[in-house]
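The values are calculated or read from the model by the stated rules, or taken from the named source; none is laboratory data. None of the values given here were measured: they were computed from a predicted structure. Only protein heavy atoms, including side chains, enter the accessible area calculation; ligands, DNA and RNA are left aside. Shrake-Rupley method; radii C 1.70, N 1.55, O 1.52, S 1.80 Å.
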Amino acid sequence: YVAVLASIPRSASSRIDALKQFADLQQRYAAQLGGKTPDVQEANLGEKGTYHRLIAGPPGSRDQASRLCSELKSAGYSSCWIKSY
């Protein structure tokens, strides 16, 4: 399982934009994201289009991913959800 931090509509620069967003989030939420590594996965949402999802890795247990999202939400970042990896 992983924590998904953002979902960005796919474009020529969306993968790079997602990684830049992770760097910004890692600075702002250093206590929660300090030891995490970014990954970007493509997600096809059918009629909604294709998105790049920003993931905080490495993958771990459902509890670990859930705890990370809870810590981020407590710190003020509400756009976090978990998914299987």
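Things worth noting here:
- Residue-by-residue Karplus 3J(HN,Hα) for the range 45-50, coefficients 6.51, -1.76, 1.60, Hz, glycine and proline x: 9, x, 5, 6, x, 9
- The angle between the Cα long axis of helix 14-28 and the longest principal axis of the Cα atoms of the chain comes to about 20 degrees, rounded to the nearest 10.
- Amide H contacts under 5 Å for Tyr85: Val2, restricted to partners 5 or more places along the chain or on a different chain, H placed in the peptide plane at 1.01 Å from N.
- Annotation: extensible slack from Ala75 through Arg28 equals 16.0 nm (criterion: 0.36 nm per residue apart, minus Cα-Cα distance).
- Ellipticity at 222 nm from helices only: DSSP H runs of n ≥ 4 in the chain, each -39500 (n - 2.57), divided by the residue count, give -12000 deg cm²/dmol.
- Remark: the range 53-61, residue by residue, has Karplus-estimated 3J(HN,Hα) of 9, 8, 10, 9, x, x, x, x, 6 Hz, where x stands for each Gly or Pro and the curve is 6.51 cos²θ - 1.76 cosθ + 1.60 at θ = phi - 60°.
- With Cα atoms, 0 to 90° folded angle of helix 62-75 axis to the chain main axis: 80
- Once backbone amide H atoms are built at 1.01 Å from N, Gly57 has Thr37, Asp39 as its partners under 5 Å, excluding neighbours fewer than 5 places away on the same chain.
- Amide H contacts of Ala6: Leu54, each under 5 Å away and 5 or more positions distant or on a separate chain (H built 1.01 Å from N in the peptide plane; Pro and chain starts excluded).
- Portion, in percent, of the accessible area of the chain that falls on carbon or sulfur, probe 1.4 Å: 46
- If the Kirkwood radius is taken over C-alpha pairs of the range 27-78, then at 20 °C and 1.002 mPa s the Stokes-Einstein diffusion coefficient equals 173 µm²/s.
- For the range 76-81, 3J(HN,Hα) per residue [Karplus equation, 6.51 cos²θ - 1.76 cosθ + 1.60, θ = phi - 60°, Hz, x = Gly/Pro]: x, 9, 9, 8, 10, 9
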